[in-house]
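Read through the structure below, which is laid out as structure tokens, and then see the notes.
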Amino acid sequence: MANYTFPSDCFYTKEDEWVQVDDDRTTLGITDYAQQQLGDVVFLELPSAGDEIKQGEPFGVIESVKAVSDLYAPVTGRVVESNPALEETPELVNESCYEDGWLLAIEPTDESEFESLMNSSAYRDYVAEREEG
Amino acid sequence: MGKRTPLYDSHVRLGARMVEFAGFDMPVQYSSILEEHAAVRERAGLFDVSHMGQIHLSGPEAVSACERLLSCEVASLRPGRVRYGLLCNEQGGVVDDVTLYRIADDELMLCVNAANIDKDRDWIEGHAGAASVEDRSDATAMLALQGPAAPGVLGGLAGPAAGEIRRFRFSQLDVAGVPARVSNTGYTGAPGYELYFDAARAPELFDRLLDAGQDAGLCPAGLGARDTLRLEAALPLYGHELSDDISPLAAGLERFVKRKQGGFIGAEAIEERARAGHPEELVGFELLGRGIARAGHAVLCDERPSGRVTSGAPSPTLGRSIGLAYVRPEAAAEGTLLGIEVRKRLLEARVVETPFVRKRGS
């Protein structure tokens, strides 16, 4: 398997998003696997502060040079902020997908939804399965 | 799994991301499309284009057969020269766009698109009369060495003779011990060469070129960068800007059509379609704001449906999104404002002159 980083303090979705609860701020983004699959990210369409996102449903779009992909909400919540740096520098998603390249900060509305997500080791296995397939 | 070029293992070893294209497993990128694109514009890139086809016509009737098959003039093409042309059907549509090499008085080679090899061979065999037709696609490897550093890199391996090959000409050279037909041609809008040689020598020559170009900043480049480069140069891609139904005149390729001379397959239909007026013409556009227009997106002009995008991408060189579209003639003038429907939103675009990026110094 190629070399990927999946931090242990994140939860993961089958659509290759991560979500992280850090004190009182919850952020989400796409995984290292997703950004490597996409290649150079050149454009994003993200919701605005106050918008609602719903677990498992598309909330935005990410475009690489070659492809367009939907972004899926890992959990339901209200958008606090979308990463303002991505408008000018979408490449942050490639350079730093868990830190500077975060997509949204949200207020989750249902903590129990996190139980349906994968931890980093389960997600690593899930990526490995697809790489072998 | 698709067909493999003789360089499949080399690509995997270099860590390329492989995708299926025209039935072949091909490298779409090695490091990053943007980096490989910049390498070709600023230094040099090496592309495996062995998926493309080579069809040879030979014998005393080869020239007359090609003259009948192709939209461009053939008899006036001297040995050692290359010309771009179109294979047209009886309806004036395009079977394929090709480069034609005059190898000798009685031998010509057509370099054809990978997706069309079988279709082209059948079409050519069906219309070649007494000329002998041979498909040498599988036995032939093809590399494209493109970018301002390409002449220096090639010269280092092939000697000064490489530097004497002018644009749209070719020579038989010894490149690092490998006999190769080298043409000063390409599909990137950058200076550079295309090399045709024995498929069995492909891994060896690929590595020798990459080694020789290391100091000049040569890097392997994939189909992703090839596509953004050709789009900046506004070079058509079969299946996008060209098809069995589209007239070469609607595609803006009039200078590759011998309209006065005629006599090639499709010539009359092309003239008839021109007299009737083309319902749509190919134009270049740039987006005025953010976003990316892509193939298939609807084009509007004055809020009315006016056409469709055939190719679109962010231009790494220009830093904005560009594309090609077929639009109704009233929307085709330079400067016309268009709306392009992307996910139910209208992005503002403007018709601009092509190529989007001009070759350095020209």
Q) Label points 7 Å out from Cα along the Cβ direction at B:L346 and B:D174: separation in nm? A) 6.5
Q. Which ³J(HN,Hα) values in Hz, rounded to whole numbers, follow from the phi angles of region B:119-125 under the Karplus curve 6.51 cos²θ - 1.76 cosθ + 1.60, where θ = phi - 60° and Gly and Pro get x?
A. 4, 5, 4, 4, 5, 5, 4
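Two-decimal Rg/Rh of the protein assembly as shown from alpha-carbon positions, Kirkwood Rh? Working shown, then result.
On the way: Rg = 25.0 Å, Rh = 24.6 Å.
Result: Rg/Rh = 1.02.
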Q | Gaussian network model of chain B, springs between alpha carbon atoms under 10 Å - residue of B:G23, B:G312, B:G222 with greatest fluctuation | A | B:G23
**Q.** region B:53-135: radius of gyration over Cα atoms, expressed as a fraction of 2.2 N^0.38 Å
**A.** 0.95
Q) Where the centre of each part is set by its Cα atoms, how far does region B:135-185 sit from region B:245-292, in angstrom? A) 32
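Taking only C-alpha pairs under 8 Å that are 6+ residues apart, what is the relative contact order of chain B in percent? Kindly include the intermediate steps, with their values, before the conclusion.
Working: 855 pairs, mean separation 64.3, N = 362.
Rounded, it is 18 percent for chain B.
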Q | For a label point 7 Å along the Cα-to-beta-carbon line of A:A2, residues of region A:93-130 with backbone N under 15 Å | A | A:94-97, A:127-130
Q) Based on the Cβ-Cβ distance from B:R78 to B:D118, what FRET efficiency comes out when R0 is 41 Å, to the nearest 0.05? A) 0.85
Q) What is the list of residues in region B:72-101 whose amide nitrogen lies under 20 Å from a point 7 angstrom out from the Cα of B:E254, following Cα to Cβ? A) B:72-73, B:84-88, B:92-94
Q. Whose amide H sits under 5 Å from the amide H of B:A295, counting only residues 5 or more places off or on another chain, with H placed in the peptide plane?
A. B:G312
Q | Whichever lysines have a C-alpha closer than 28 Å to that of B:K344, once near sequence neighbours (fewer than 8 apart) are set aside | A | A:K14, A:K54, A:K66
Q: Using the number of other C-beta atoms within 10 angstrom as an exposure proxy, rank A:T13, A:T27, B:T188 with the fewest first.
A: A:T27, A:T13, B:T188
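Please rank B:L231, B:L110, fewest neighbouring Cβ atoms within 10 Å first, as an exposure proxy.
Ranking B:L231, B:L110 by Cβ neighbours within 10 Å, fewest first, gives B:L110, B:L231.
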Q) Relative contact order of chain A: what whole-number percent is it, with Cα pairs under 8 angstrom and at least 6 residues apart? A) 29
Q | Within chain A, helix-based [θ] at 222 nm, where runs of 4 or more DSSP H residues each add -39,500 (n - 2.57), nearest 500 | A | -5000 deg cm²/dmol
Q.
With θ taken as phi - 60° and the coefficients 6.51, -1.76 and 1.60, list the Karplus ³J(HN,Hα) couplings across region B:108-113 in order, rounded to whole Hz; mark glycine and proline as x.
A. 10, 10, 9, 9, 10, 5
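Rounded, prolate or oblate: pick one for region B:279-362, where a ≥ b ≥ c are the square roots of the eigenvalues of its C-alpha gyration tensor, a/c under 1.5 means rounded, and failing that, prolate if a/b is larger than b/c, else oblate.
Working: a/c = 1.98, a/b = 1.34, b/c = 1.48.
Oblate shape, in that a/c is at least 1.5 and b/c is the bigger or equal ratio.
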Q.
Run the numbers for A:Q36 and A:N119: contour at 0.36 nm per residue of separation, minus the present Cα-Cα distance, in nm.
A. 27.9 nm
Q: List, largest first, the extents of the alpha carbons of region A:70-133 along their principal axes, each in whole Å.
A: 36, 30, 20
Q) Which lysines does B:K258 reach when only Cα atoms under 28 Å apart count, and residues fewer than 8 places away in its own chain are ignored? A) B:K119, B:K359
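If you take all C-alpha pairs in region A:26-124, what percent of them are over 17 Å apart?
Of all Cα-Cα pairs in region A:26-124, 49 percent lie more than 17 Å apart.
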Q: Taking only Cα atoms and a 10 Å spring cutoff, compute GNM fluctuations for chain B and point out the largest among B:V12, B:V182, B:V257.
A: B:V12
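What area, in nm² and to one decimal, does the C-alpha convex hull of chain B cast on average over all directions?
One quarter of the hull surface, i.e. the mean projection, equals 17.8 nm².
What value in Å³ per residue do you get for the convex hull of the alpha-carbon atoms in region B:217-359?
138
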Q | In order through region B:314-325: 3J(HN,Hα) via Karplus (6.51 cos²θ - 1.76 cosθ + 1.60), integer Hz, x for Gly, Pro | A | x, 8, x, 6, 8, x, 9, 7, 10, x, 10, 8
Q.
I want to check the label-to-label distance for A:D70 and A:T109. Put each point 7 Å from Cα in the C-beta direction and report it in nm to one decimal.
A. 1.9
(Q) Modelling each spin label as a point 7 Å along the Cα-to-Cβ direction, I'd like the B:A130/A:T89 distance in nm, to one decimal. (A) 7.1
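Using the count of nearby Cβ atoms within 10 Å as a rough guide to exposure, how do B:H37, B:H127 rank from fewest to most? Show your work: numbers first, answer last.
Working: B:H37 28, B:H127 15.
Placing the least packed residue first, the sequence is B:H127, B:H37.
Before rounding to the nearest 500, sum -39500 (n - 2.57) across all DSSP H runs of length at least 4 in chain B and divide by the residue total; then give [θ] at 222 nm in deg cm²/dmol. Display every interim value, and only then the final one.
Values: 8 runs with 76 residues, N = 362.
Taking each H run of at least 4 residues, the total per residue is -6000 deg cm²/dmol.
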Q: If a/c stays under 1.5 just call it rounded; otherwise compare a/b with b/c (prolate if a/b is bigger, oblate if not). Do that for region B:82-216, with a ≥ b ≥ c from the square roots of the Cα gyration tensor eigenvalues.
A: prolate
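FYI, it's all coordinate maths here, none of it is from the lab. The structure presented is a predicted model; accordingly, all values stated were derived computationally and were not measured. All Cβ positions, even for glycine, are placed from backbone atoms using ideal geometry, and neighbour counts span all protein chains on display.
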